[in-house]
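Where a number appears in this text, it was derived from the coordinates with a stated rule and is not lab data. These numbers were taken from a predicted model, which means no experiment stands behind them. Neighbour counts are summed over all protein chains in view; Cβ atoms, including those assigned to glycine, are modelled from backbone coordinates with ideal geometry.
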Amino acid sequence: MENKELIELALEARKNSYSPYSGFKVGAALLCKNGRAFTGCNIENASFSPTCCAERTAFFKAVSEGEKEFDRIVIVGGKGDSEPSEFCTPCGVCRQVMNEFCNEDFIVIIAKNQNEFREYKLSEILPLSFGKKILNTKERL
């Protein structure tokens with residue numbers, strides 16, 4: 001699947017955002033290595049801590065259906081219903097979830113639309129990550 005198609009899926013998922021408190025709508029589209037795509041949107045809660053980001057929603061949907069090998073994710077977000085005007089980066093918790101299921105070369109794409117997007121490796125947006133490698137070794141930083 002091309003990046004533009006994945007961005008379109010994320011923009012569509014963003015429309016389902018439940019964000020009555022912040023008004024900040026986020027959509028994500030996660031591509032599995034087998035070509036299957038999962039979308040997610042942010043889902044807020046009045047108590048705030050149960051809120052779930054779009055990226056985690058997409059990952060949890062995929063994992064709950066047996067997928068555990070991922071190629072890349074697209075994230076779009078912004079205030080209101082208009083097209084995003086800024087790049088929306090994943091929060092720290094979402095980066096940690098990506099680290100759980102993906103290697104350091106996993107691609108994270110942040111986009112405003114199909115023509116304006118940026119690509120990063122997970123290792124670039126989560127340097128010095130904590131994860132499986134650290135737990136499986138005696139060596140520490």
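Computed over the chain, the quotient of the alpha carbon radius of gyration and 2.2 N^0.38 Å is 1.03.
Label-to-label distance, Q114 versus S22, with points set 7 angstrom from Cα along the beta-carbon direction: 2.7 nm. Here the gap between F48 and E86, fully extended at 0.36 nm per residue and compared with their Cα-Cα distance, gives a gain of 11.3 nm.
State whether the stretch 1-51 is rounded, prolate or oblate according to the following rule on the C-alpha gyration tensor (a ≥ b ≥ c being the square roots of its eigenvalues): a/c under 1.5 gives rounded; otherwise a/b larger than b/c gives prolate, and the remaining case gives oblate. List each step's numbers first, then the result.
On the way: a/c = 4.35, a/b = 2.17, b/c = 2.00.
Prolate, because a/c is 1.5 or more and a/b exceeds b/c.
Using Cα-Cα distances under 8 Å and only pairs 6 or more residues apart, what relative contact order does the chain have, in percent? Mind dumping the intermediate values first?
On the way: 287 pairs, mean separation 28.9, N = 141.
Relative contact order of the chain: 21 percent.
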